[in-house]
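Visitor: Sharing a structure with you now.
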Amino acid sequence: MRHALFTWRGGTVKGLAAFSVVGMALVSIAAHDGPAPCRNVNGHYAEHTVAPSSCPSPVGLCIEGEFSGAIRGAFASTATSFAPTADTPLTAVVPFTGDGTIHVNLGGGHGDLFFKSAGAFHTVGKGEIVDLQFITGGTGAFVGASGALRASGMFDPVSGSGESEYSGTVCERRSRLLISPSKRSVVGVVEEMVKQKLVTLIVPRLVLDEFRRLGWI
């Protein structure tokens, strides 16, 4: 029985060989997967409180602001807890937690970074604040991102504003193969892999020449 594309003739063998080479290319992508590449970052952010009417926090505290430095972009954070401890009457320090999103421009990549905060705020004096922000994922160029930021600074509860310095790491998922809607064919996949320098086991021109010889493109 004949297949619509292949027969057991010379052209068939070459056609199968071409697909085998494409398979090798896909294997080469898997070989590139490994520990996520991490980037050291540091900089500064300014923040301010959000009006209670637009704040969904269960403790009535929402923050917005702007990152500068290695990470650039606006952010928003919603407090999920703000609870005194047995030591608060003595130290005036209150621990807090929160969920946040940074609309990131980092290293040429764009997208959102999601994070969970755990920190402590000194409610008197200079309003010292420390915050550990665990990166839990993202969108766009930062899908699957991880890492953590350490921040420390001051926050004035009267004016509802503050500033902090941050440092830490942002780890991005390795080997993202992005195929545009106009390049869904096998040939398009090969071309895109070449463009993104993910192919190391083949000479792509030979594959494309074979497809042209068979009249597939």
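The values are calculated or read from the model by the stated rules, or taken from the named source; none is laboratory data. Here the structure is a predicted model, which is why all the values come from computation and not from measurement. Cβ placement follows ideal geometry from the backbone for every residue including glycine, while neighbour counts extend to all protein chains displayed.
Visitor: Do you know which residues across the stretch 101-114 are under 18 Å from Glu163 (Cα atoms) and either touching a Pro at 6+ places or on another chain (Cβ under 8 Å) or buried (at least 21 other Cβ atoms within 10 Å of the Cβ) (or both)?
Guide: Residue satisfying the conditions is Ile102 alone.
Visitor: Please specify each residue of the stretch 160-174 satisfying the condition of being surrounded by fewer than 19 Cβ atoms within 10 Å (Cβ to Cβ) and on the phi > 0 side of the Ramachandran plot. Break it down stepwise before answering.
Guide: Within the stretch 160-174, the subset surrounded by fewer than 19 Cβ atoms within 10 Å (Cβ to Cβ) is 160-161, 163, 165, 167, 169, 171, 173-174.
The one that is surrounded by fewer than 19 Cβ atoms within 10 Å (Cβ to Cβ) and on the phi > 0 side of the Ramachandran plot: Gly160.
Visitor: Another question, if that's okay. Quick check on my filter: what residues within the stretch 60-83 are more than 18 Å from Leu132 (Cα to Cα) and without any contact (Cβ under 8 Å) to a residue 24 or more places away in the chain?
Guide: Gly60
Visitor: Is it the case that the stretch 2-25 has a residue that's over 21 Å from the mean Cα position of the chain (by Cα), part of a strand (DSSP E or B) and either basic (Lys, Arg) or modelled with pLDDT of 95 or more (or both)?
Guide: Within the stretch 2-25, the subset over 21 Å from the mean Cα position of the chain (by Cα) is 2-25.
Okay, now just the ones that are also part of a strand (DSSP E or B), so none.
Scanning the stretch 2-25, I find no residue that is over 21 Å from the mean Cα position of the chain (by Cα), part of a strand (DSSP E or B) and either basic (Lys, Arg) or modelled with pLDDT of 95 or more (or both), so the answer is no.
Visitor: Where the second residue is assigned to a strand (DSSP E or B) and among the charged types (D, E, K, R) and the first is over 16 Å from Cys62 (Cα atoms) and lies in the stretch 102-124, which pairs have Cβ atoms under 9 Å and are six or more apart or on separate chains?
Guide: The qualifying pairs are His103/Asp112; Val104/Arg72; Val104/Asp112; Asn105/Arg72; Leu106/Arg39; Leu106/Arg72; Gly107/Arg39; His122/Glu128.
Visitor: Next question, about the same structure. Which pairs have Cβ atoms under 6 Å, sit 6 or more apart or on different chains, and link a residue in the stretch 30-43 that is within 17 Å of Val170 (Cα to Cα) to one that is polar (S, T, N, Q) and modelled with pLDDT of 60 or more?
Guide: Cys38/Thr169; Asn40/Thr169; Asn42/Ser167; Gly43/Ser68
Visitor: Scan the stretch 137-159 for residues that are free of Cβ contacts under 8 Å to residues at least 60 places away in the same chain, surrounded by 14 or more Cβ atoms within 10 Å (Cβ to Cβ) and not small (Gly, Ala, Ser) and jot them down.
Guide: The answer is Thr139, Phe142, Arg150, Met154.
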